[in-house]
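Single-structure report; data block below.
The values are calculated or read from the model by the stated rules, or taken from the named source; none is laboratory data. Being a predicted model, the structure only gives us computed values, none of them experimental. When we count neighbours, we look across all protein chains shown, and the Cβ atoms used for this are built from the backbone with ideal geometry, even at glycine. For the accessible areas, the whole protein counts, side chains as well, though only heavy atoms, and no ligand, DNA or RNA atoms are used. Shrake-Rupley method; radii C 1.70, N 1.55, O 1.52, S 1.80 Å.
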Amino acid sequence: MVHKIDDLFRRQLKSWPLLAGGMKGLAESTTRPVRIEWFDVFIRHIPHRIASATAAVDRESVLKRPCFLCADNLDPEEEGIIFNADFTIYCNPFPIVDRHLSIIHREHGAQRIEGQLGHMLDLAQALAGYFIIYNGPECGASAPDHMHFQAGSRELFPIEKDTISVREPAITDYERNVLLFRGSDRSRLIDQMNCAIELLASVTAKKPEPMINIAAFHDPIAGFRVYLFPRSKHRPRVYHTGELTVSPGAIDLCGIVVVPLEKDFRRISGDDIAAIFREVTLADDQFGEVAANLERVR
C-alpha cells in the first residue's frame, strides 16, 4: 500500500496543481522546536493552513456549504486509492507533514468514531511509517459532516519519541491528559478504546460522542500504539481574543503545533502552548475519574 501511495504522490504532483502548490508551501514552511512542560514540540508556520484553522464548523455554516470531501465535489484532477469497501486514500493538498493523506469514507455521513476504530487500526497496520489521526466533529475536524481520517509520515511525530519507553498494554498519562493504549491484540484494543469513549461520554455528558482526538500507528514488532486525547473545548481563549490563531487538533497535541500566521509564529512560546493544551484537554478531575474507572475494568 505504501508503494501505491508513493506512486499516487508522484502522479498527482504532476497532474494536480493544488497539491503541487501545497507541497511547495510545506517545503517553504518554517519550523522551530520548543520545550514545554512535559515534552518537545515543534511549532510549524504554514500559511496555507489558515482556512482549516479558522474554518466555521457550526451546524448552520456547515449546512450552507457543499461537502468538500464528497466525491462529486473533489477537484477533477484529484485521484485516490481504494483502501477497502468504505474508505479511499487521497493526497491532502494542504499538508502539515510529509506524505499527508486524507482518508475519506465513500458515503456522506457524520464524523463519528463509533464503528470505525477497526478501520483506523487497519489503516495504521497497512501504512508502515505513517501515523493515522481522527479529529472529532467538535474539536478539530474541518469537515464534521463527512467521516474521514488523516495520515502522515512519522518522520516527525514527537509524541512517539516521548513515549517510546512505555511498556504497559494500556496506561494513563496525567501530565499530558492522554490515554495511551498499546498492544498487538486488535480486538482487545478496540474494546478498551470503546470503553474509554463510553466513560468519557458519561463523565462529560457529551453524547453521542465525547470530544476526542485520536492518533495511532503500528510497529511490526511492538504492535499498535494509540493516543486518545479527551477534550474540553475546541479552541482556546487566545483564539477567540485574536491573540493567537491556533486551533489544536490531533496533530498539534502530538507535538506539531500549526501556526498559520507569521506574527503568531514569532511570538508563541512553550508556556503558551502548554497553557493551550491544558485548556483544551479534559480537566484533571474528570480525566482522573475516567482513568480510574478504565483501570478498574481492564
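Residue check: residue 61 meets all listed conditions (1) touching a strand residue (DSSP E or B) at 6+ places or on another chain (Cβ under 7 Å); (2) closer than 30 Å to residue 207 by Cβ but one, namely (1). Looking at (1) under 25 Å from residue 274 (Cα atoms); (2) surrounded by fewer than 16 Cβ atoms within 10 Å (Cβ to Cβ), which one does residue 6 not meet, given that it meets all the others? (1) is the only condition that residue 6 fails. Within the range 93-137, the set of residues being assigned to a strand (DSSP E or B), open to solvent by 10 Å² or more (accessible area, probe 1.4 Å) and touching an Asp or Glu at 6+ places or on another chain (Cβ under 8 Å) comprises just one member, 105.
Scanning the range 246-288 for residues that are farther than 16 Å from residue 135 by Cβ and among the hydroxyl-bearing types (Ser, Thr, Tyr) gives a single hit, 269.
Residue count for the range 194-205, restricted to those that are surrounded by fewer than 17 Cβ atoms within 10 Å (Cβ to Cβ) and touching a residue at least 60 places away in the same chain (Cβ under 8 Å): 2. If you go through the range 277-293 and keep only what is part of a helix (DSSP H, G or I), of a type in the set (A, V, I, L, M) and either open to solvent by 10 Å² or more (accessible area, probe 1.4 Å) or touching a Gly at 6+ places or on another chain (Cβ under 9 Å) (or both), you end up with just 292. Looking only at residues of the range 206-253 that are within 19 Å of the chain's Cα centre (by Cα) and of a type in the set (D, E, K, R), we find that the one that is most open to solvent (accessible area, probe 1.4 Å) is 233.
Just to be sure, is residue 205 modelled with pLDDT of 90 or more and either farther than 30 Å from residue 264 by Cβ or not basic (Lys, Arg) (or both)? When the stated conditions are applied, residue 205 does not pass them. Residues in the range 183-193 that are surrounded by 16 or more Cβ atoms within 10 Å (Cβ to Cβ) and in a helix (DSSP H, G or I): 186, 189, 190, 192, 193. For the range 100-117, state whether one or more residues are touching a strand residue (DSSP E or B) at 6+ places or on another chain (Cβ under 7 Å), of a type in the set (Lys, Arg) and in contact (Cβ under 8 Å) with a residue 60 or more places away in the chain. No, the range 100-117 contains no residue that is touching a strand residue (DSSP E or B) at 6+ places or on another chain (Cβ under 7 Å), of a type in the set (Lys, Arg) and in contact (Cβ under 8 Å) with a residue 60 or more places away in the chain. Applying the condition of being within 19 Å of residue 197 (Cβ to Cβ) and open to solvent by 30 Å² or more (accessible area, probe 1.4 Å) to the range 151-171 and asking which residue is modelled with the highest pLDDT yields 171. Confirm whether residue 140 is of a type outside the set (Lys, Arg), in a loop (DSSP other than H, G, I, E, B) and crowded, with 21+ Cβ neighbours inside 10 Å. In short, yes.
When you look at residue 89, is it modelled with pLDDT of 95 or more and crowded, with 18+ Cβ neighbours inside 10 Å, yes or no? Yes: the conditions hold for residue 89.
Considering only residues that are open to solvent by less than 50 Å² (accessible area, probe 1.4 Å) and among the polar types (S, T, N, Q), look in the range 9-35 and name the one that is farthest from residue 82 (Cα to Cα). Filtering first and then ranking leaves 29.
Among the residues of the range 234-257, is any modelled with pLDDT of 95 or more and in a strand (DSSP E or B)? Among the residues of the range 234-257, at least one is modelled with pLDDT of 95 or more and in a strand (DSSP E or B), which makes the answer yes.
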